[in-house]
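Undergrad: Sharing a structure, written as structure tokens. Questions coming.
The values are calculated or read from the model by the stated rules, or taken from the named source; none is laboratory data. Treat the numbers as computed from the prediction; the structure is a model and nothing was measured. Reconstructed Cβ throughout: ideal geometry from the backbone, glycine too, with neighbour counts over all protein chains shown. We work out accessible area using only protein heavy atoms, side chains counted, and drop any ligands, DNA or RNA first. Shrake-Rupley method; radii C 1.70, N 1.55, O 1.52, S 1.80 Å.
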Amino acid sequence: MKHKFQAESLMMTYGYKPELSEGAVKPPIFQTSTFVFKTAEQGKAYFELAYGLRKKEENEEQGLIYSRINNPNLEILENRLCLWDKADDCAVFESGMSAISTVLLEFLKPGDLLLFSSPVYGGTDHFIHHYLKSVGVDSIGITAQHSQAEIIKLIEDSGKADKLAFIFLETPANPTNDLIDIQMCKHIANHFSTDSKQVVIGVDNTYMGPIWSHPLEHGADLVIYSATKYIGGHSDLIAGAVLGNATYMNRVKVLRTFLGNMPSPHTCWLLLRSLETMKIRMEQQMRNARKVAAFLNSHPLVDKVYYLGLLDEASKDYELYKRQYSSPGAMLSFDIKGGEKTAFQFLNQLRLIKMAVSLGSTESLAQHPASMTHAGVCPEKRQKMNITDSLIRISVGVENYQDLIWDVEQALGTVDEVPSKQYKVEYAMNEV
Ligand SMILES: *Cc1c(COP(=O)(O)O)cnc(C)c1O
């Protein structure tokens with residue numbers, strides 16, 4: 001009888017054969033640089049495949065050669081990650097940034113034009129504006145407010161429409177959860193693609209994936225992750241991943257082989273452990289985030305909460321949110337009344353929530369984007385993105401939500417200019 005298991009049911013076993021490892025129920029860490037060939041003929045056959053000198057025979061799998069090219073921990077991890085995004089293939093990396101930079105290096109050549117959504121992760125922004133610029137790759141930044149017609153006009157007005165090669169999107173945007181329509185960008189990619197040149201779309205899905213959004217289903221060619229965040233989920237490793245169709249992934253993997261930026265067997269092993277609980281972690285984080293967001297939204301010291309679960313159902317974004325995501329996620333930010341002074345008072349007073357950058361981990365983290373993650377963005381641009389001195393970002397973890405609300409409530413209670421001393425935690429609890 002055939003049965004199709006859900007991805008979460010396969011995270012403990014898929015792609016691993018205990019009989020090849022003394023029956024160990026979990027994959028051992030294959031802490032080895034190289035692999036022994038049984039015969040010279042076998043070594044020759046493995047290299048022929050690895051170097052693309054011949055096609056795979058039916059049911060033939062690439063044999064193990066050398067840990068920069070392949071390693072069992074790396075391969076099991078890649079096979080399991082493919083299940084969530086229903087991708088042909090996956091390549092894991094030693095960081096999210098190495099995943100992003102490898103993709104951009106592979107798909108952009110000097111003279112090409114890159115379209116990217118703004119704001120993007122600070123490291124991505126730096127790579128686009130410094131490294132890519134220095135090798136002659138021009139770029140155009142778009143925001144969630146741009147329409148399809150406006151973007152097409154921007155590209156045409158650049159005089160480099162025929163050079164558009166790659167569209168890089170990050171949605172929802174950090175830290176304000178602005179949404180970019182992937183399908184709309186697919187139309188733009190099609191508009192500028194020709195028979196000889198396909199405009200490729202890559203989406204950084206770190207904020208919502210791989211559980212709550214699947215960009216490949218909306219027209220993306222590649223989906224990219226900082227696996228440091230939800231996939232790793234315990235703030236104890238740095239890693240990245242790229243997934244997509246076989247043709248594009250072959251290109252990404254070949255470049256990775258020569259840049260040598262694959263993760264270690266130990267990092268892959270940690271990620272395999274993390275994948276087993278990823279879905280339940282993320283679901284609990286989302287449930288907690290809903291409660292914390294509702295509490296903040298009802299607090300007199302909070303001006304605005306940026307959380308997808310609070311979108312107005314009549315807004316334009318709401319339709320896009322429902323189409324592209326299956327959950328509001330566990331990332332939120334809010335404007336505190338006052339400015340940097342009250343924001344800092346709040347952050348300094350938190351007891352349970354730790355003050356640190358990064359996100360998606362089991363512990364809740366808070367930070368001040370204007371002076372921390374987005375300190376490198378020029379002040380006018382920051383203002384345009386709503387990254388004010390009053391903005392605080394929280395990555396919600398798996399703690400008990402009442403403890404999280406208690407912490408936020410007591411920290412808000414210590415800032416100057418509290419408008420209502422009568423405000424009670426009990427009241428807020430009933431509201432959420
Ligand atoms: C953290 C992050 C990155 C970079 O990932 P590293 O693992 O730190 O290299 C890229 N994109 C987003 C959205 C991130 O949050």
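Undergrad: In the stretch 110-126, is there at least one residue being surrounded by fewer than 19 Cβ atoms within 10 Å (Cβ to Cβ) and closer than 15 Å to residue 251 by Cβ?
TA: no
Undergrad: Among the residues of the stretch 9-19, are any open to solvent by 50 Å² or more (accessible area, probe 1.4 Å), closer than 30 Å to residue 276 by Cβ and in contact with a helix residue (DSSP H, G or I) (Cβ under 9 Å, 6 or more places away or on another chain)?
TA: Yes: one or more hits.
Undergrad: Let me ask something else about it. Starting from residues that are in a helix (DSSP H, G or I) and more than 16 Å from the ligand (Cβ to nearest atom), keep the ones in the stretch 131-148 and report whichever is nearest to residue 170 (Cα to Cα).
TA: Applying the filter and picking the extreme gives 148.
Undergrad: If you don't mind, another one. Given the options 157, 89, name the one that is surrounded by 19 or more Cβ atoms within 10 Å (Cβ to Cβ) and either under 23 Å from residue 214 (Cβ atoms) or out of contact with any His (no Cβ under 7 Å at 6 or more places or on another chain) (or both).
TA: Going through 157, 89 in turn, just one is surrounded by 19 or more Cβ atoms within 10 Å (Cβ to Cβ) and either under 23 Å from residue 214 (Cβ atoms) or out of contact with any His (no Cβ under 7 Å at 6 or more places or on another chain) (or both): 89.
Undergrad: Mind checking which residues of the stretch 389-416 are over 16 Å from residue 331 (Cα atoms) and either open to solvent by less than 30 Å² (accessible area, probe 1.4 Å) or not in a loop (DSSP other than H, G, I, E, B) (or both)?
TA: Of everything in the stretch 389-416, those that are over 16 Å from residue 331 (Cα atoms) and either open to solvent by less than 30 Å² (accessible area, probe 1.4 Å) or not in a loop (DSSP other than H, G, I, E, B) (or both) turn out to be 390, 402, 403, 406, 407, 409, 410, 411, 412, 413, 414, 415.
Undergrad: Then there's this: Out of the residues in the stretch 168-200 meeting the condition of being part of a strand (DSSP E or B) and either within 16 Å of the ligand (Cβ to nearest atom) or of a type outside the set (Val, Ile, Thr) (or both), tell me which one is nearest to residue 106 (Cα to Cα).
TA: 168
Undergrad: Residue by residue through the stretch 319-344, note down the ones that are farther than 21 Å from residue 279 by Cβ and open to solvent by less than 50 Å² (accessible area, probe 1.4 Å).
TA: Hits for the stretch 319-344 are 320, 333, 334, 335, 336, 339, 342, 343.
Undergrad: Just to be sure I understand the filter: pairs with C-beta atoms under 8 Å, separated by 6 or more residues or on different chains, first member in the stretch 307-320 and under 18 Å from residue 182 (Cβ atoms), second member loosely packed, with under 14 Cβ neighbours inside 10 Å. Which pairs pass?
TA: So the pair list comes out as 318/312.
Undergrad: Give the residues of the stretch 347-384 that are charged (D, E, K, R) and either touching a strand residue (DSSP E or B) at 6+ places or on another chain (Cβ under 8 Å) or open to solvent by 40 Å² or more (accessible area, probe 1.4 Å) (or both), sorted by residue number.
TA: First, the residues of the stretch 347-384 that are charged (D, E, K, R): 351, 354, 363, 380-382, 384.
Across the stretch 347-384, the qualifying residues are 351, 354, 363, 380, 381, 384.
Undergrad: While we're here: Which residues, taken from the stretch 84-129, are of a type outside the set (S, T, N, Q), within 9 Å of the ligand (Cβ to nearest atom) and in a helix (DSSP H, G or I)? Let's see the steps before the verdict.
TA: Step one: of the stretch 84-129, the residues of a type outside the set (S, T, N, Q) are 84-94, 96-97, 99-100, 103-116, 119-123, 125-129.
When the remaining residues are screened for being within 9 Å of the ligand (Cβ to nearest atom), the result is 93-94, 96-97, 99-100, 120-123.
Answer for the stretch 84-129, where residues must be of a type outside the set (S, T, N, Q), within 9 Å of the ligand (Cβ to nearest atom) and in a helix (DSSP H, G or I): 96, 97, 99, 100, 122, 123.
Undergrad: Is the stretch 53-73 home to any residue that is at pLDDT 95 or above and open to solvent by 80 Å² or more (accessible area, probe 1.4 Å)?
TA: Yes.
Undergrad: Those residues that are assigned to a helix (DSSP H, G or I) and outside the structural domain of residue 266 (by TED's automatic domain parsing), I need them from the stretch 43-83; list them, please. Let's see the steps before the verdict.
TA: From the stretch 43-83, those assigned to a helix (DSSP H, G or I) are 43-50, 72-83; that's our starting set.
Answer for the stretch 43-83, where residues must be assigned to a helix (DSSP H, G or I) and outside the structural domain of residue 266 (by TED's automatic domain parsing): 43, 44, 45, 46, 47, 48, 49, 50.
Undergrad: Which one is farthest from the chain's Cα centre (by Cα) among residues in the stretch 224-238 that are within 9 Å of the ligand (Cβ to nearest atom) and polar (S, T, N, Q)?
TA: 228
Undergrad: May I pose another question? Can you name the residue in the stretch 202-223 that is closer than 16 Å to residue 174 by Cβ, assigned to a loop (DSSP other than H, G, I, E, B) and at pLDDT 95 or above and is also nearest to the ligand (Cβ to nearest atom) among such residues?
TA: Among those residues, the one meeting the criterion is 206.
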